[in-house]
């Protein structure tokens, strides 16, 4: 199945006391580039998420967002730094005595000093959290890939329709090429008859000149190779593999054959068809930039 490198997938589930949401999106890129955003306390998930996504996706610039909200009562402990609190209390008493102030220190006074209390949250069970996140991630990635495949089918249809259009131009070039040689023969004969004014023309000389011209403008090899490249392009779509890079190289070869035909064929009609071929090749090139 052909895949585009543009896609989006989202999934949300409540698993094992956690509300988990995963979003994943991508755009085209030459290689696999991945970045993830997870809650700060769940940073241990980043590498695991990347490995999982990379096992199912070959190319693209991919961004993944993970939200995790615990629905259970958090296992949190608040600890008092007694020695520090005692130090603050002694300082307050000394301050009151030295400057004859009212010592109005209460328990709530110490809430202003965050260093008196320390909060300790129980460490997350990494395997438990990963198992839950992986379930949601799998669903999101599946939807993400489904969208890439739908986009890939549209790209495939467009590229193949343009490939068929290129073949129609090749058909014309192959039928037109022998006509250019015949027309050259007629023009050459007319010119020689005009110059020689009634003197009998050496037909062997005409044939020799025509043979040289025919060899010079022959494009049969190029059109055969061009057809072969188009066939290979169609085979790529049936391979089920990541084909973006291979297709990019193949399109370069198609363009090279078109350029050769254009440089060899000394005919206006063929030149116009070559321009049409190159225009379609450029459109195909733009499309395959987004194929995985």
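Side notes on the structure shown:
- Equivalent-ellipsoid semi-axes for the range 76-121 (Cα gyration tensor, √(5λ), whole Å, largest first): 25, 10, 6.
- Paramagnetic reach from residue 50 (point 7 Å along Cα→Cβ, amide N under 14 Å) across the range 16-33: 32-33
- Stretching residue 131 away from residue 30 to a fully extended chain increases their span by 33.2 nm, per 0.36 nm per residue minus the current alpha-carbon distance.
- Order of 169, 29 - criterion: other Cβ atoms within 10 Å of each residue's Cβ, fewest first: 29, 169
- By other beta-carbon atoms within 10 Å, ranking 64, 90, 134 with the fewest at the front produces 90, 134, 64.
- Whole-number D in µm²/s for the range 1-123 (Stokes-Einstein; Kirkwood sum over Cα pairs; 37 °C, 0.692 mPa s): 171 µm²/s
- With contacts taken as Cα pairs under 8 Å and at least 6 residues apart, the range 223-292 reaches a relative contact order of 40 percent.
- Counting neighbouring beta carbons within 10 Å and listing from fewest to most, the residues 236, 117, 99 come out as 99, 117, 236.
Every number here is computed from the coordinates shown, using simple stated rules; none is lab data. Just so it is clear, the model here is predicted, and its values are computed rather than measured. Positions of Cβ are backbone-derived with ideal geometry, glycine not excepted, and every protein chain shown enters the neighbour counts.
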